[in-house]
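Trainee: Okay, here's the structure, questions in a sec.
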Amino acid sequence: MKKQLLYTLLLSAATSLSAFAQTDQQMLERIKEEGLNKSEVMNTAFYLTDVSGPRLANSPGLKRAQNWAVNQLKTWGMVNATREPWGKFGKGWEVQKNYAAITAPYYHAIIAIPKAWTPGTNGPIKGDVVVIKADSVSDLDKYKGTLKGKIVMTDVKGNLEDTFKPDATRLTDSALTAMANSTGAPAAQQRRPQATGRGSLAALLALRQAISKFYVDEGVALVLSQARGTDGTVFTTNGASFADTAHAVVPELETSGEDYQRILRLSKAGIKVEMEADIKTEFLTNDLQGYDVVGEIPGTDKKLKDQLVIIGGHLDSWHAATGATDNAAGSAVMLETMRILKRVGFKPRRTIRIVLWSSEEQGLYGSKYYVLNHFGDPKTMVLKPEQAKVSAYYNLDNGTGKIRGVYLQGNQAVGPIFKQWLAPFNDMGASTVTINNTGGTDHLSFDAVGIPGFQFIQDSMDYGTRTHHSNQDTYDKLSEADLKQAATITAWFVYNTSQRDEMMPRKELPAPVKN
């Protein structure tokens, strides 16, 4: 009798597991069909880029993209879709007009982008170019009284030329193997160039601030600075603070290396260079709050529906282009993930939440404050009850390249799980699971308070060499096939995370962050 009962129980368990496996396989096929053959990811990317325009933090373009995303989430059937405020950010800013050209010794329109949060010229200007050399504050004395109405630049070397190297690359098999075989998580990689110059960083910043104030006091009309990049590519930065209390600065253009060096060569040869410019920028101070886009597919399991699976990417961009690879690509993939899951009729056990971050480019502000508001403070490790309810956070923010695997962020227990989930996509090039971490993306905000946060491994394409923060970061640089693959894989990861009986394994809780 006991043997018969045991047999019945084992048979029942096997039948149940078989049914679950069949359900999973059916859902996988439906997700693949919707994600690969009925995709809307490129249409979403079009609205986030071409239609919305540049999406600098707190700019009108970002607000357009956020409003569109909220409305689209509602159209697809998501609940609780809104722009959620996370705290004070600062001034919005946008370029409304930008023209600059050499007029002597001949006419030539230059490639140049206003630095973020710098003012305009208050109408058309014309002036002589003056080359400034100042290695210390005292060096500025010789220019007193001579720069009013002038256009100034400094003597710097040209950008290194690497035209003959390929711009776009994919991860090689050997590189992926090395990642998979890694045994430890290295320090987070820096994605942003480091400041260089004489003396310490503090001394360099002090000199820059002194020069900036000097230019304002002397009535300089316009500053030219040489942008990083070659072949007409301009990698943009900010030229002033976004804080509502920031000091005034002179209008500043970040100029292509080729145009900058031409002007510099002429000036150093004693040939008079005259320029004209008409730049109009606007500061927006009516709403200093920062906002994230939020939307949900509610959970249906009585025991698990209060738990969360969160996906996201940052929606803000820089202003020289429309921020396609950084990061409309990731935002479009995550929106497409939500659309896929809703369209296939998925009823998740846990609630699935999408959050599209703002002000990532200024220091992960959108995700940091969201985590602070909802889950806890990494500085003190005082956690809120909601922290224990997040199973995992998945992020996408490394360009348009396809997913090749996942960074485990040092969470070794998750490795076998992710390996299993990637198996159906090995033939699409996604198979690598590495213990390593990648830095500079919003998953770090979750990891900082002990929530499993993950960034997918992606092919770099021309992200680092051509599009990241540059005037080349346009819709045309997006790879449709890669975005479809990424959305399909992400949807499968979210499906599995929401359906597991257990939450995703967690690492040991981090120690409080020391100031």
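The values are calculated or read from the model by the stated rules, or taken from the named source; none is laboratory data. Owing to the predicted nature of the structure, the values given are computational and were not obtained by experimental measurement. Cβ coordinates were reconstructed from backbone atoms using ideal geometry, including for glycine residues, and neighbour counts include every protein chain displayed.
Trainee: Looking at 276, 296, which is the one that is assigned to a strand (DSSP E or B) and either without any contact (Cβ under 8 Å) to a residue 12 or more places away in the chain or not assigned by TED's automatic domain parsing to the domain that holds residue 390 (or both)?
Mentor: Being assigned to a strand (DSSP E or B) and either without any contact (Cβ under 8 Å) to a residue 12 or more places away in the chain or not assigned by TED's automatic domain parsing to the domain that holds residue 390 (or both) holds for just one of 276, 296, which is 276.
Trainee: A follow-up question, please. If only one of 345, 376, 363 is under 24 Å from residue 76 (Cα atoms) and in the same structural domain as residue 489 (by TED's automatic domain parsing), which one is it? Outline the logic, then answer.
Mentor: Numbers: 376 fails: under 24 Å from residue 76 (Cα atoms); 363 fails: under 24 Å from residue 76 (Cα atoms).
The conditions single out 345.
Trainee: While we're looking at this one, here's another question. Out of all the residues in the range 105-127, which are in a strand (DSSP E or B), farther than 12 Å from residue 95 by Cβ and among the hydrophobic types (A, V, I, L, M, F, W, C)?
Mentor: Going residue by residue through the range 105-127, those that are in a strand (DSSP E or B) are 108-109, 112-114, 116, 125-127.
Those left that are additionally farther than 12 Å from residue 95 by Cβ: 108-109, 125-127.
Scanning the range 105-127 gives 109, 125.
Trainee: Cβ-Cβ distance below 7 Å, separation of 6 or more or different chains: which pairs start in the range 447-474 with a residue that is at negative phi and end on one that is part of a strand (DSSP E or B) and among the basic types (Lys, Arg)?
Mentor: Between residues of the range 447-474 that are at negative phi and residues that are part of a strand (DSSP E or B) and among the basic types (Lys, Arg), the close pairs are 457/404; 458/404; 459/404.
Trainee: Does residue 205 count as at pLDDT below 90, surrounded by 12 or more Cβ atoms within 10 Å (Cβ to Cβ) and either over 28 Å from residue 463 (Cβ atoms) or out of contact with any Asp or Glu (no Cβ under 8 Å at 6 or more places or on another chain) (or both)?
Mentor: Yes; evaluated as a whole, the condition is true for this residue.
Trainee: Condition (residue is of a type in the set (Ser, Thr, Tyr), touching a Phe, Trp or Tyr at 6+ places or on another chain (Cβ under 6 Å), modelled with pLDDT of 95 or more and within 20 Å of residue 321 (Cβ to Cβ)) applied to the range 454-467: is it met by at least one residue? Even if it seems obvious, please write down each step before you answer.
Mentor: The initial filter retains those residues of the range 454-467 that are of a type in the set (Ser, Thr, Tyr), namely 460, 463, 465, 467.
From what is left, the residues that are touching a Phe, Trp or Tyr at 6+ places or on another chain (Cβ under 6 Å) are none.
There is no residue in the range 454-467 that is of a type in the set (Ser, Thr, Tyr), touching a Phe, Trp or Tyr at 6+ places or on another chain (Cβ under 6 Å), modelled with pLDDT of 95 or more and within 20 Å of residue 321 (Cβ to Cβ).
Trainee: I've got another one for you. Output the residues belonging to the range 135-155 that are crowded, with 18+ Cβ neighbours inside 10 Å and either farther than 14 Å from residue 217 by Cβ or of a type in the set (Lys, Arg) (or both).
Mentor: 150, 151, 153
Trainee: Does residue 352 satisfy being aliphatic (A, V, I, L, M) and more than 23 Å from the chain's Cα centre (by Cα)?
Mentor: No.
Trainee: Considering 217, 259, which residue is within 27 Å of residue 285 (Cβ to Cβ), of a type in the set (D, E, K, R) and modelled with pLDDT of 95 or more?
Mentor: 217
Trainee: Hey, could you check the range 356-378 for residues that are over 11 Å from the mean Cα position of the chain (by Cα) and among the aliphatic types (A, V, I, L, M) and say which is surrounded by the fewest Cβ atoms within 10 Å (Cβ to Cβ)?
Mentor: Among those residues, the one meeting the criterion is 372.
Trainee: Can you tell me which residues in the range 457-470 are of a type in the set (S, T, N, Q) and surrounded by 24 or more Cβ atoms within 10 Å (Cβ to Cβ)? Step through it out loud before you land on a result.
Mentor: Let us first name the residues in the range 457-470 that are of a type in the set (S, T, N, Q), namely 458, 460, 465, 467, 470.
Of everything in the range 457-470, those that are of a type in the set (S, T, N, Q) and surrounded by 24 or more Cβ atoms within 10 Å (Cβ to Cβ) turn out to be 458, 467, 470.
Trainee: Restricting the search to the range 60-81, which residues are crowded, with 16+ Cβ neighbours inside 10 Å, in contact with a strand residue (DSSP E or B) (Cβ under 9 Å, 6 or more places away or on another chain) and of a type outside the set (A, V, I, L, M, F, W, C)?
Mentor: Hits for the range 60-81 are 60, 61, 63, 66, 72.
Trainee: Given the conditions (1) buried (at least 16 other Cβ atoms within 10 Å of the Cβ); (2) among the aliphatic types (A, V, I, L, M); (3) touching a Gly at 6+ places or on another chain (Cβ under 6 Å), which single one is not true for residue 243?
Mentor: (1)
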